[in-house]
């Protein structure tokens, strides 16, 4: 590690967002390339990059200054990508169940009801988010804005956008799991 990096890390540990932004800019591209090679998906790689840096920011007080920052960054990213891959498999199982439910309900009326219920569940989950998180989540997922575009539009930092997206994604995933189990119980009881 260079002296400048050690100084950045010391400042970042104390909560200096500018130092953290400098570390982000220094490692973002390399980390993204590493994750893209693992995951073969731009969106997945970018999501894991966000998650990794957010995790490091949230646990900055515990960071041991003598440990190479790059090693920690890549280790967290690798573990996050493995967890993400496992979740993706679970998502596939959920989609297969949803396809099964769609096949079971062959009439247009049944399909319409299933669609309405799914839409209602999604609205309920999104309404459970704090207003700012919901706005940021919808700007990315519905309007397709990048993190930088969201930050500029809302006049906030990219780090804030990342933090809010991380929390929103976590909430949405947890709530979908609850509704998924409820749907399985309804259809198989």
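The values are calculated or read from the model by the stated rules, or taken from the named source; none is laboratory data. In this text the structure is predicted, and so the values were computed from the model without any measurement. Every residue, glycine as well, gets a Cβ built from its backbone with ideal geometry; the counts of neighbours run over all protein chains shown.
Observations on the model:
- Test for residue 153: is it surrounded by fewer than 16 Cβ atoms within 10 Å (Cβ to Cβ), at pLDDT 90 or above and more than 27 Å from residue 9 (Cα to Cα): yes
- In region 58-67, residue nearest to residue 157 (Cα to Cα) [restricted to those that are at pLDDT 80 or above and either in contact with a helix residue (DSSP H, G or I) (Cβ under 6 Å, 6 or more places away or on another chain) or surrounded by 11 or more Cβ atoms within 10 Å (Cβ to Cβ) (or both)]: 58
- Filter pass, residue 98 being modelled with pLDDT under 80 and out of contact with any helix residue (DSSP H, G or I) (no Cβ under 6 Å at 6 or more places or on another chain): yes
- Qualifying residue in region 111-130 (condition: modelled with pLDDT of 75 or more, surrounded by 13 or more Cβ atoms within 10 Å (Cβ to Cβ) and within 30 Å of residue 21 (Cβ to Cβ)): yes
- Answer residue from region 143-157, given it is without any contact (Cβ under 8 Å) to a residue 12 or more places away in the chain and under 15 Å from the mean Cα position of the chain (by Cα) and is nearest to residue 22 (Cα to Cα) among those: 146
- Residue identified as surrounded by 14 or more Cβ atoms within 10 Å (Cβ to Cβ) and either in contact with a helix residue (DSSP H, G or I) (Cβ under 9 Å, 6 or more places away or on another chain) or outside the structural domain of residue 166 (by TED's automatic domain parsing) (or both) among 55, 14, 40, 29: 55
- When the test is whether a residue is part of a helix (DSSP H, G or I) and at pLDDT 85 or above, residue 27 passes it.
- Of the criteria (1) at pLDDT below 85; (2) within 18 Å of residue 164 (Cα to Cα); (3) surrounded by 13 or more Cβ atoms within 10 Å (Cβ to Cβ), which one residue 140 fails: (1)
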